[in-house]
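What follows is a short report on a single structure.
The values are calculated or read from the model by the stated rules, or taken from the named source; none is laboratory data. Since the structure is predicted, the reported quantities are computational estimates derived from the model, not experimental observations. No Cβ is skipped: glycine too gets one built from the backbone with ideal geometry, and neighbour counts run over all protein chains shown.
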Amino acid sequence: MTGVTAVVAESAGTPAFLETAVLVGLVVSATVTLVAGYRVIRGPTTPDRVVGLDTIGTNVVAIAVLFAIQSGSGFFVDVALVLAIIGFISTIAVARYVTDGDIIE
């Protein structure tokens, strides 16, 4: 961070190290999401693709929370919670489909 950005972050009530940590977290989450996208496309088996999609869903939740911290808006935390619930339910549904061949008995 430059000196001016650090001063602005400090005056806004957010420590400069938190701004840096959130930015690093966003970059790492975005990179892992791209790598997981590659696994979804190239995955040799269906379980590899399912794990890749689950990783993408988890990283999207992490990105939403990190963006909520960065912007100071609580709305994105709600969005992250809804995305986490949808991701959990979809993972259960896909796992049942892969193991049983049917989602609803």
Exercise for the section: Could you please let me know if Ala64 is among the small types (Gly, Ala, Ser) and within 27 Å of Val22 (Cβ to Cβ)? Expected result: yes
Handout entry: Exclusive hit being within 15 Å of Leu26 (Cβ to Cβ), of a type in the set (A, V, I, L, M), under 15 Å from the mean Cα position of the chain (by Cα) and assigned to a helix (DSSP H, G or I), set Ala62, Ala84
Key = Ala62
Fill in the blank from the handout: Note on Leu53: of the conditions (1) closer than 30 Å to Phe17 by Cβ; (2) assigned to a helix (DSSP H, G or I), unmet is (1)
Completion exercise
Given (1) crowded, with 18+ Cβ neighbours inside 10 Å; (2) out of contact with any Leu (no Cβ under 6 Å at 6 or more places or on another chain), Val61 misses just (2)
Practice task
Would you check if there is a residue in the stretch 27-36 being surrounded by fewer than 16 Cβ atoms within 10 Å (Cβ to Cβ) and not in a helix (DSSP H, G or I)?
Solution key: no
Handout entry: Subset of the stretch 69-86 [small (Gly, Ala, Ser) and at pLDDT below 90]
Key = Ser71, Gly72, Ser73, Gly74
Exercise for the section: Please verify whether the stretch 16-28 includes one or more residues that are in contact with a Lys or Arg (Cβ under 9 Å, 6 or more places away or on another chain) and not aromatic (Phe, Trp, Tyr). Expected result: no
Exercise for the section: Keeping to the stretch 37-48, report how many residues are surrounded by fewer than 11 Cβ atoms within 10 Å (Cβ to Cβ) and basic (Lys, Arg). Expected result: 1
